[in-house]
1. Conditions: (1) over 30 Å from residue 35 (Cβ atoms); (2) in contact (Cβ under 8 Å) with a residue 40 or more places away in the chain; (3) away from ligand 2 (no atom under 15 Å from the Cβ). Residue 188 meets all but one. Number of the miss?
2. Exactly one condition in (1) within 15 Å of ligand 1 (Cβ to nearest atom); (2) part of a loop (DSSP other than H, G, I, E, B); (3) crowded, with 20+ Cβ neighbours inside 10 Å is not met by residue 216; state its number.
3. Tell me the residue from 308, 326 that is assigned to a loop (DSSP other than H, G, I, E, B) and either at pLDDT 95 or above or within 16 Å of ligand 2 (Cβ to nearest atom) (or both), please.
4. Limited to the stretch 114-134, what total is found for residues that are within 41 Å of the chain's Cα centre (by Cα), assigned to a loop (DSSP other than H, G, I, E, B) and at pLDDT 95 or above?
5. Looking at the stretch 94-113, is at least one residue under 20 Å from residue 35 (Cα atoms) and outside any strand (DSSP E or B)?
6. Please specify each residue of the stretch 196-225 satisfying the condition of being under 23 Å from residue 283 (Cα atoms), modelled with pLDDT under 90 and within 16 Å of ligand 2 (Cβ to nearest atom).
7. Is there a residue in the stretch 275-291 that is out of contact with any helix residue (DSSP H, G or I) (no Cβ under 8 Å at 6 or more places or on another chain), part of a loop (DSSP other than H, G, I, E, B) and within 14 Å of ligand 2 (Cβ to nearest atom)?
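The values are calculated or read from the model by the stated rules, or taken from the named source; none is laboratory data. These numbers come from a predicted model, not from an experiment. Every residue, glycine as well, gets a Cβ built from its backbone with ideal geometry; the counts of neighbours run over all protein chains shown.
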Ligand SMILES: [Fe+2]
Ligand SMILES: [Fe+2]
């Protein structure tokens, strides 16, 4: 009686250990080896193996073996009849000597015998074949009892569930990878289309050629300097590329007017944010804020912008980013009625208008991008490419930027980086 109880305690211990082992997702191979070890150990079996079923090759591939000898095949193929019988049998130990009618045991007769295997347990989990367990005789050479068979079933089920879970995980990972690839290629197509579209918008405005493309790039730089994540940075670039899309409905002669436009023409031009929003909002963008950037990129922090005269926090953040990028480009490029302004003046202007037109931390982000490039901290020549080398090589700009970066009190501590 005491012996029986001890055996029971021992078996439960092994089962618990096996449960813990199979729920450990670290290394599948190790898990399988340990599981086999526990199963053999708990019943005093000298040799055995665990195989995983591959539905593509209709074969059993050994993933853990013990004491089966070098010559035991690592892969054993099944025919339809075997698979059918194993499914009917379910997760029940089969005596190999009693199952010789099945093709599997005929084909591998010699290998099984040479390895000294006695028992075969098909791992059938939720009516699906996931593998098999092979077992040799008990070390005592006593026949397997009904209790032994039950223990074998319980432990084999644990192993089968572990394999089944592993298969599901692999399937999920494959799907996730496929989706990621599909999403990446869609995103690339979208971004390429947007860039092409920005170039098309810019063609309409011959004096400010390249404006949308540059605003896209400045918005991207600002977003990067603000520490945004990759997708948000892409979104900022797209918002910049498309901010003036509403201009495609404004008459060419107004856009291209080589003089300061009058009030009527100005009213016409000022419709472009609203029109842009109408064009962009029915489209499902990967970055939700794109239409908002088009609508509100002419709003000002002090509420004196258009079309809605929103104040600071009412203005979507992305629109504030595009607003700074847009103004920066307007100041640094030649317009039909005025030449571009020198770097120093532009810095002063942006600083003066912090809290009036611009959000201070966004201006700081732009300054930081320039400063880091001019001092060589950032090796990318993004501003130089957009503004021309000479423009960026004004010595006086560096101290101005440094002072601006240290002087302005930023509104968000997250975006503030002190510069020496
Ligand atoms: Fe605009
Ligand atoms: Fe613009």
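1. All conditions are met except number (2).
2. (2)
3. Details: 326 fails: assigned to a loop (DSSP other than H, G, I, E, B).
It is 308.
4. Qualifying residue count for the region: 0.
5. Within the stretch 94-113 (the criterion being under 20 Å from residue 35 (Cα atoms) and outside any strand (DSSP E or B)), the answer is no, since none of the residues qualifies.
6. 197, 198, 199, 200, 201, 202, 203, 204
7. No: the stretch 275-291 contains no residue that is out of contact with any helix residue (DSSP H, G or I) (no Cβ under 8 Å at 6 or more places or on another chain), part of a loop (DSSP other than H, G, I, E, B) and within 14 Å of ligand 2 (Cβ to nearest atom).
This table checks each residue for (1) in contact (Cβ under 8 Å) with a residue 60 or more places away in the chain; (2) surrounded by fewer than 18 Cβ atoms within 10 Å (Cβ to Cβ); (3) farther than 16 Å from residue 214 by Cβ.
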position	(1), (2), (3)
237	no, no, no
240	yes, no, no
243	yes, no, no
253	no, yes, yes
256	yes, yes, yes
260	yes, yes, yes
263	no, yes, yes
270	no, yes, yes
276	no, no, yes
